[in-house]
Amino acid sequence: MDKVRQIRLAKDAMDRDWADPELDLGAVAAHAGYSRYHFLRAFKEAYGETPGQYLTHRRIERAEEMLRAADLSVTEICHLVGFSSLGTFSARFKTRTGLTPSEYRSKNVGRGAALIPGCYAMLWAGGFPPARTTQRAGESTPMRTAERTAKGTATLKKRPDPAAAYRDKEQPPDDRRAEP
């Protein structure tokens, strides 16, 4: 596989998994088949910025969309776009846009579509994906996404199985209404 195609695969992984806070240089470099530092140099040569800068720009773009369109707090948006620290998010946001997230929201709210209620935005961002089976080249049997998560890199990690959240194994309480 040629160099540009390998780097493009890694960039596609960043575009797909931009919200994953565990997405780091090692995980992205693994997609390209490079060591961390060789990938860093090759990516900067190809795109003019480091993978970290590219990922930060992608996250800030998504945060701008959410600040304009979703009725969520700045902290919720910070975590949804993949930042683990509100201070880092606010500093990077201000560096990129010239405004703090709150100032950006007050200046740009109402531009475009109506605000999406926060519960819908959270459901969209954190909804449970259906169980899929996929098969990679060289694997003899398809694997469920949850099985691949246990074996995969940070770019393959997905949300936990929804069964535990919904307590599927518990029985509903007995109906204790008075009989007629």
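The values are calculated or read from the model by the stated rules, or taken from the named source; none is laboratory data. Computed from a prediction, not measured in an experiment: that's the story for all the values here. Cβ placement follows ideal geometry from the backbone for every residue including glycine, while neighbour counts extend to all protein chains displayed. The area values use the complete protein model at the heavy-atom level, side chains included, leaving out ligands, DNA and RNA. Shrake-Rupley method; radii C 1.70, N 1.55, O 1.52, S 1.80 Å.
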Modelled label-to-label distance, residue 44 and residue 99, 7 Å Cα→beta-carbon offset: nm? 3.2
What is the Cα coordinate range of the stretch 23-74 on the first, second and third principal axes, sorted by size from largest, in whole angstrom? 41, 20, 13
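Near residue 61, within a Cβ-to-Cβ distance under 13 Å, what is the net charge of the other residues, with Lys and Arg +1 and Asp and Glu -1?
+3
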Accessible surface, the stretch 1-117, averaged per residue in Å² (probe 1.4 Å): 54
So what's the net charge close to residue 5: Lys and Arg +1, Asp and Glu -1, counting the other residues with Cβ under 11 Å from its Cβ? +1
Heavy atoms only, probe 1.4 Å: what % of the accessible area of the stretch 23-72 goes to carbon and sulfur, would you let me know? 47
Under the rule of at least 5 residues apart or a separate chain, name every residue whose amide H is placed under 5 Å from the amide H of residue 70. 116
Compute the signed sum of charges (Lys and Arg +1, Asp and Glu -1) over the other residues within less than 13 Å, Cβ to Cβ, of residue 49. +4
